[in-house]
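Data block below; observations after.
The values are calculated or read from the model by the stated rules, or taken from the named source; none is laboratory data. All values derive from a computational prediction rather than experimental measurement. Glycine gets a Cβ as well: all are built from the backbone with ideal geometry, and neighbour counts include every protein chain shown. Keep in mind that these areas ignore ligands, DNA and RNA; they rest on the heavy atoms of the full protein, side chains included. Shrake-Rupley method; radii C 1.70, N 1.55, O 1.52, S 1.80 Å.
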Amino acid sequence: IKNIQFGLTFFYNQIEDMIRWLPGEGGIWRPVNEDKVEIYGIESYLNWQKKLAKDQILNLNLNYAYTISENAETHRQLIYTPFQKINGNINYQIYRFTPSVQFLYSGKVYTRTDHSEELSGYFLTNVGLSYAIDKQRNWQFGAKINNLLNNEYQNVEDRWMPGNNYNLYLNINF
């Protein structure tokens, strides 16, 4: 189909003596050896681009990952590894300006190896606007508002991530 790219990857890995950094007593992270780990799943992407006018392009991107990452002996998902992740992007280039919307979903994660405690999944929305200083887009200045909806979430237990936060940037490609 015109203007569409799609990719699908299946994967399977067996790992012996996997070293992972995990939280220990007092919140101090320590290396832990997982004797045998099996990691398998699927990753996919969908990209669509449409030139709407001479200097106007609409881009849509979507990525999805489903990952089983489990201890081969207990058959339990490793802690802090979500089963599902989804992210997407919508960009609309208008001349040298590019407004964008980005979203991210990360599924629940277990925080104990016996799966007795977990962190809920979360959804984030970011918006941005960039300006290409030159026509080749090698120099771009931009601003982003991250976590637009001010969601409360944690990636690691008892370490809350910021609410609304702001980012100014200058990207230089060479």
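Restricting to lysine pairs 8 or more places apart or on different chains, what number in the chain have Cα atoms under 20 Å apart? Don't jump to the answer; show the numbers that get you there.
On the way: Lys2/Lys50; Lys2/Lys51; Lys2/Lys54; Lys50/Lys135; Lys51/Lys135; Lys54/Lys135; Lys85/Lys108.
Lysine pairs meeting the criterion: 7.
The spread of Cα positions in region 1-158, taken along each principal axis and listed from longest to shortest, comes to 58, 37, 25 Å.
Give me the number: length gained by fully extending Ile19 to Asn151, i.e. 0.36 nm times residue separation minus the C-alpha to C-alpha distance, one decimal in nm. Mind dumping the intermediate values first?
Values: separation 132, 0.36 × 132 = 47.52 nm, distance 3.21 nm.
My answer for the length gained is 44.3 nm.
Rolling a 1.4 Å sphere over the protein heavy atoms, what is the accessible area per residue of the chain, to the nearest Å²? Working shown, then result.
Values: 11640 Å² over 174 residues.
For the chain, the solvent-accessible area averages 67 Å² per residue.
Take every Cα-Cα pair in region 25-110 and report what % of them are more than 19 Å apart.
Details: 2132 of 3655 pairs.
Every Cα pair in region 25-110 considered, those over 19 Å come to 58 percent.
Peptide packing: for 147-154, 86-93, the average count of neighbouring Cβ atoms within 10 Å per residue gives the ranking 86-93, 147-154, highest mean first. Net charge dipole, region 59-128: roughly 360 debye, given to the nearest 20, about the Cα centre with Cβ charges of +1 for Lys and Arg and -1 for Asp and Glu.
Computed 3J(HN,Hα) for region 48-59, one whole-Hz value per residue from the Karplus formula 6.51 cos²θ - 1.76 cosθ + 1.60 where θ = phi - 60°, is 9, 9, 9, 7, 8, 7, 3, 10, 9, 9, 9, 10, glycine and proline marked x. Note: relative contact order over the chain, using C-alpha pairs below 8 Å and six or more positions apart, is 13 percent.
Which length gain, in nm to one decimal place, applies between Phe10 and Asn165 when the Cα-Cα distance is subtracted from 0.36 nm times their residue separation?
Values: separation 155, 0.36 × 155 = 55.80 nm, distance 3.54 nm.
Answer, rounded to one decimal: 52.3 nm.
Report, to the nearest whole %, how much of the accessible area of the chain belongs to carbon and sulfur atoms, 1.4 Å probe, protein only.
Details: 6270 of 11640 Å².
Summing carbon and sulfur atoms, their accessible area is 54 percent of the total for the chain.
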